[in-house]
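Shown next, in structure tokens, is the structure this report addresses.
The values are calculated or read from the model by the stated rules, or taken from the named source; none is laboratory data. Keep in mind the model is a prediction, meaning the values are calculated, not measured. No Cβ is skipped: glycine too gets one built from the backbone with ideal geometry, and neighbour counts run over all protein chains shown.
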Amino acid sequence: MNTSEWLKPNGASHALYFRLVANLETAIRNGRLKPGSKLPAERQLAEQIEVSRTTVTNAYRELEAKGLVRGFVGRGTYVCAVPEPTNVPFAWQGKLSATSLRLSADPIAFDRGSIDPGLISFALGCPALECFPIEEYRRIEQQILARRSQDALGVGAIAGQPLLRQAIAQEHSVRADQVLVVAGSQQGLDILARSLVDPGDSVIVESPGYFVALKTFLAAGARPVGWDAQRGDMDELENLILRYHPKFICVTPTFQNPTGRTLSLAQRKDLIHLAVRYRIPLIEDEAYRELYFDAPPPRTLRELDEHGVVIHLTTFSKALAPGLRVGYIVAPVNVVNLLTLAKYRASCFTAGLEQLVLAEMLRSGIVAAHLDRVRLEHRIRRDAMVDALARRFSQSQLAFSNPAGGLYLWARLGRGLHSLELNKLAMREGVVFVPGEMFYPDSAETRELRLCFGGSTVARIHDGVERLKRAYGRALSSMSQRNADSAPAEDSPHAMMPQYK
């Protein structure tokens, strides 16, 4: 890097420090110094621009205070952010931890999909809210506020309201002290990661798999190792165990997110056998278990576990409503006690009113009746999406699954098209999905996508697929144009070369 001309400050000696800061900041803003660029060593730069080393040191410190550079002992100083507008005191991006930067927001309009009524979202993992028992919920809520307002609104037990823990324990044939209530499965995953992971630990996750779990484990310092979720090959899993010595294995056995795959009873028994043999904990995320269309799925890993190696995690959000941020963990008592301490450091306790309402809904059979209704509606919506996709796309254009439960179709584009590019065009047409790249812990497949059918009515599903088809057409046109632009001219040397087959 030639710094002698454009970094050398001009003017009186007392202004050298300010001018050097300004010149470096301008270089970063103009792109001459890009994020990730290493700045010269302090002594080296001082000699090049003929100033004291103290001037350079102070300039670097000022830039670091502004969030534009970051110094590392033994490694040097690096540009980490571009200056914000002049009314912002410093670049916030430069203040973020390395983990936060690695886990930066994905290019998916999740927030927009939840608040924009004009956008049809096949991205949000939402059930059929039209089936939610609103009147029963309102009635029970009013009764609790009238009779048990102190329990509902006061400081609650860290592990959860006793009534809800008892109701869940009865559902799973366990003791209440084996149940920990959490604010949805996402908090459960976070608590498990913070409790089990040391920086550098390997953990085995499904590939493709739930991207929130993947990023939660990354944030805790883990090194995720991908296990092929669709094949479910136990020999492959054993090889990964022997090679990486993982801290734990995290799987979604039933209607897996995003593929919809369900492990057979034999696979589940083999998975338990491996966990016991190599003394590896199993985290079982069963968020979609109750959303089957025909026969119930095989027994859970926890039900098959005779050695206490399984931690069972699930949520009410996927079967009832995402706004009910209540889930739970079922595990051995000593594990629940440790996880309860980790939960206390994050959020003290879970909202009491929702817990008490859910406890009564479980006790009175309202949840069971709701599940019957929502399964039927989800099957209708699944069939509508399968039919709409089959009518508008050939198998060579878009191949997709036909799951026996859950909320998602897993699809694959024809050659040449990429799901990220298609999603950008789809959002312009008013529909959004989740590109498959998000679900991989390592090398990503660029032609896959996840489509949620649960949260949209049949009419909106057909409308959304029609918009997706228009976006697909635009993507094909764009690809054809790129190919034409990159094709050699007829009289070019490449075009005149003989073609061999």
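Considered as a group, the residues in the range 180-234 that are outside any loop (DSSP other than H, G, I, E, B) and among the basic types (Lys, Arg) include one that is modelled with the lowest pLDDT, and that residue is Lys215.
Can you find, within the range 38-56, the residue that is modelled with the lowest pLDDT among those that are part of a helix (DSSP H, G or I) and among the β-branched types (Val, Ile, Thr)? My answer is Ile49.
If the condition is being in contact with an Asp or Glu (Cβ under 8 Å, 6 or more places away or on another chain) and basic (Lys, Arg), then the range 53-73 contributes Arg53, Lys66, Arg70.
The set of residues in the range 143-185 that are surrounded by 19 or more Cβ atoms within 10 Å (Cβ to Cβ) and of a type in the set (S, T, N, Q) comprises Gln161, Gln178, Ser185. Of the helices (runs of 4 or more DSSP H) lying entirely inside the range 287-406, those carrying at least 2 residues that are in contact (Cβ under 8 Å) with a residue 12 or more places away in the chain, among the basic types (Lys, Arg) and surrounded by 14 or more Cβ atoms within 10 Å (Cβ to Cβ) are 366-392. Is there a residue in the range 252-265 that is surrounded by fewer than 17 Cβ atoms within 10 Å (Cβ to Cβ) and more than 17 Å from Pro298 (Cβ to Cβ)? No, because not a single residue in the range 252-265 is surrounded by fewer than 17 Cβ atoms within 10 Å (Cβ to Cβ) and more than 17 Å from Pro298 (Cβ to Cβ). Here is a check on your reading of the model: is Gly113 touching an Asp or Glu at 6+ places or on another chain (Cβ under 9 Å), modelled with pLDDT under 70, surrounded by 13 or more Cβ atoms within 10 Å (Cβ to Cβ) and not in a loop (DSSP other than H, G, I, E, B)? It is false that Gly113 is touching an Asp or Glu at 6+ places or on another chain (Cβ under 9 Å), modelled with pLDDT under 70, surrounded by 13 or more Cβ atoms within 10 Å (Cβ to Cβ) and not in a loop (DSSP other than H, G, I, E, B). State whether one or more residues within the range 57-71 are under 29 Å from the mean Cα position of the chain (by Cα), in a helix (DSSP H, G or I) and either at pLDDT 85 or above or crowded, with 16+ Cβ neighbours inside 10 Å (or both). No: the range 57-71 contains no residue that is under 29 Å from the mean Cα position of the chain (by Cα), in a helix (DSSP H, G or I) and either at pLDDT 85 or above or crowded, with 16+ Cβ neighbours inside 10 Å (or both).
Tally time: how many residues in the range 72-85 are outside any strand (DSSP E or B) and either within 16 Å of Arg29 (Cα to Cα) or in contact (Cβ under 8 Å) with a residue 40 or more places away in the chain (or both)?
Of the residues in the range 72-85, 6 are outside any strand (DSSP E or B) and either within 16 Å of Arg29 (Cα to Cα) or in contact (Cβ under 8 Å) with a residue 40 or more places away in the chain (or both).
The residue list Leu417, Leu425, Leu409 contains one member that is in a loop (DSSP other than H, G, I, E, B), aliphatic (A, V, I, L, M) and on the phi < 0 side of the Ramachandran plot, which is Leu417.
Residue by residue, here is whether (1) under 21 Å from Phe122 (Cβ atoms); (2) assigned by TED's automatic domain parsing to the domain that holds Leu376; (3) modelled with pLDDT of 95 or more; (4) outside any helix (DSSP H, G or I) holds:
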| site | (1), (2), (3), (4) |
| --- | --- |
| Thr446 | yes, yes, no, yes |
| Arg460 | yes, yes, yes, no |
| Ser480 | no, no, no, no |
| Asp485 | no, no, no, no |
| Ala489 | no, no, no, yes |
| Ala495 | no, no, no, no |
| Lys501 | no, no, no, yes |
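Ile108 fulfils the conditions (1) at pLDDT 75 or above; (2) touching a Pro at 6+ places or on another chain (Cβ under 8 Å); (3) not hydroxyl-bearing (Ser, Thr, Tyr) except for a single criterion, (1). Here the condition is being within 26 Å of Pro332 (Cβ to Cβ), among the aliphatic types (A, V, I, L, M) and surrounded by fewer than 22 Cβ atoms within 10 Å (Cβ to Cβ); of Val203, Val276, it holds for Val276 alone.
Of Thr254, Thr314, Thr300, Thr259, all but one fail to be in the same structural domain as Leu338 (by TED's automatic domain parsing) and out of contact with any Lys or Arg (no Cβ under 8 Å at 6 or more places or on another chain); the exception is Thr259.
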